[in-house]
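Okay, structure first, notes after.
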There are 2 protein chains.
Amino acid sequence: MNSAPQPLYRQVKEHVLRQIRSGDWPTGHRVPSENRLVEEFGVSRMTVNRALRELADEGVLRRLQGVGTFVARPSRQTSLVELRDIADEIRSRGRVHRARMTARGRVPTTAVLHQRFEDASLGHLFHLVLVHLENEVPVQIEDRYVHPQVAPQFFDQDFEHVTPTEYLLSITPVSELEHVVRATVPNATERALLELGIHEPCLVVHRRSWSWGRVATDVTLTYPASRYELRGRHRTSPTGTLDGVQHAAS
Amino acid sequence: MNSAPQPLYRQVKEHVLRQIRSGDWPTGHRVPSENRLVEEFGVSRMTVNRALRELADEGVLRRLQGVGTFVARPSRQTSLVELRDIADEIRSRGRVHRARMTARGRVPTTAVLHQRFEDASLGHLFHLVLVHLENEVPVQIEDRYVHPQVAPQFFDQDFEHVTPTEYLLSITPVSELEHVVRATVPNATERALLELGIHEPCLVVHRRSWSWGRVATDVTLTYPASRYELRGRHRTSPTGTLDGVQHAAS
DNA sequence: AAGTGGTCTAGACCACCAG
DNA sequence: TGGTGGTCTAGACCACTTT
């Protein structure tokens, strides 16, 4: 099954992430020096260097020449596109939320999913398709994949009463979010599920959430353009651009 | 001035980006092999490997084991969270940015604009419409209103060379941002400016920026759905705050 | 002076793909 | 079979910070 062994630099990265996940290495904790890790793992310094450099590029670690390597602060900034539960949103507008399940099961992991979950050893994933209705009008298709180790009891839940978002937030913290937003022309299935007119475009949000250093869930949310828009408002720090610039430069 | 010489791997990266920018290496072009670049630059293969690997990680190149390295299709993503200059984005992908101005002038403030600028005493506003092109392909309509007191010399700028975003960021800090994202069917004007096919939807971002406690600028960005998507990625903070190490770091 | 990270070399072995 | 990228080694020199 698990044919390909992880490269050494990945093993070192995983080791560091495990220490951080477990809480043994809190924010600001000093990571062993490269030479120390070379001894521990019996690998060359270039290999350790690549592992630590990539983790620094990803924002997990902070490195200071002549000083050392430290566990980075989990960042400033709150979300623009927040992780809101659609059932909450609908209820807060005084409407009635209902969810209809149209697919549910374990699925084998395809090449694309391996890539999106950044984990080549994943055997299968939980998969789910829900249609969310506001006062019986469909407003969102939720097409979700979930890492089975993050939520082993995922399918014990009743997702017509507790949304996947609500459940997942209750069992695991989200450390990182990625959103990709597109406008699309829906296919026939989507048009039917959302009861759309012809030529009506959709807004598609593709979202990945990280927990404990790995991708926990990957969800595609499809909204009818005529019935939904996305809104975000947040304060910025005037000095906040420096990190990004440095990162972009490298 | 420029005391520190660039590391070799950076020089290799810059060389590749220059070829792409100049158009010598179009999308899909085969990049010389690592061994070939080793000869050209007189550096070790590890150095070339790091350059090409980082460019692949950044989405500029595509690498296939046993086959070769190729110039990737431009992803044309823009940030949801940050306020990035589109010219910067395009250049960082190794493409050529150009802007075409299609409207420019002072306009009287309508009721809607009074509302959006949250200022009933505003007499007039600066208004501007630009089309941004990536390698001569239109990718964004920028329809912008600017508060005259925030940028009195706004129209002294040459906006085909310095983008409004770049200019405004240079003269004033942004303290707050609001984004509204929609999917729309473009009207005839928009379809012409973006050279769109029939029934092709657009992604519309409506953004307001605050400076010095008031709305500084209100801009509507229209993207062809087929050529652009919006991306946002950020960390949330489940764990504690910073400590002495981080302080010493900054 | 000692330790840290940043970079670089000149080899090497491997998996993969094309002819 | 030859070329490609993916990884790894065992050194090395350097800039930098702390002691």
Rg/Rh for segment B:77-231, where both radii come from Cα atoms and Rh is the Kirkwood radius: 0.94
With R₀ set to 45 angstrom, the calculated FRET efficiency between the beta-carbons of residue A:101 and residue B:114, to the nearest 0.05, is 0.45
Ranking B:159, B:101, B:114 by how far each Cα lies towards the positive end of the charge dipole of segment B:98-164 (+1 on Lys and Arg Cβ, -1 on Asp and Glu Cβ), the top one is B:114
Any idea what the residue B:158 label distances to the other copies are, label 7 Å down the Cα→Cβ vector, nm, shortest first? 6.9
Provide an ascending nm list, one decimal, of label-point separations from residue A:35 to the equivalent residue in each further copy; define each label point as 7 Å from Cα along Cα→Cβ. 3.7
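To the nearest whole number, what is the average tally of beta carbon atoms from other chains within 10 Å of the beta carbons of peptide B:220-227?
Numbers: counts 0, 0, 0, 2, 1, 8, 4, 0.
Mean partner-chain Cβ count within 10 Å for B:220-227: 2.
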Within 10 Å of each Cβ in A:190-202, how many Cβ atoms from other chains are there, averaged over the peptide? 2
log₁₀ of I(q)/I(0) at q = 0.07 Å⁻¹ - the protein assembly as shown, Debye sum with one point per alpha carbon: -0.44
Quick check: the distance between the Cα centres of segment B:1-76 and segment A:191-210, to the nearest angstrom? 37 Å
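What number, in percent, do you get for the relative contact order of segment A:86-224 if the mean sequence gap of Cα pairs under 8 Å and at least 6 apart is divided by its residue count? It would help to have the intermediate numbers written out before the result.
Values: 257 pairs, mean separation 33.8, N = 139.
Once normalised by length, the contact order is 24 percent.
Once fully extended, how much extra length lies between residue B:171 and residue B:15, figured as 0.36 nm per residue of separation less the alpha-carbon to alpha-carbon distance?
Numbers: separation 156, 0.36 × 156 = 56.16 nm, distance 3.26 nm.
Length gained between residue B:171 and residue B:15: 52.9 nm.
Net charge around residue B:45, counting only other residues with Cβ within less than 13 Å of its Cβ (Lys, Arg = +1; Asp, Glu = -1)?
Values: positive: B:36, B:50, B:53; negative: B:34, B:39, B:40.
Result for the neighbourhood of residue B:45: 0.
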Here the net charge surrounding residue A:121, from other residues whose Cβ is less than 12 Å away from its Cβ (Lys, Arg +1; Asp, Glu -1), is -1
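With runs of 4+ DSSP H residues as the only contributors, calculate the mean residue ellipticity of chain B at 222 nm using -39,500 (n - 2.57) per run, divided by the residue total and rounded to the nearest 500. Walk me through the numbers on the way to the answer.
Numbers: 8 runs with 70 residues, N = 250.
After summing the helix terms and dividing by the residues of chain B, the value is -8000 deg cm²/dmol.
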Can you list, shortest first in nanometers, how far residue B:110 lies from the same residue in the other copies, with each label 7 Å from Cα toward Cβ? 4.5
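Here, each number is a calculation from the coordinates, and none is a lab measurement. Keep in mind that what you see is a predicted model, and the values were worked out from it rather than measured. With ideal geometry, Cβ positions are generated from the backbone for all residues, glycine too; neighbour counts draw on all protein chains shown.
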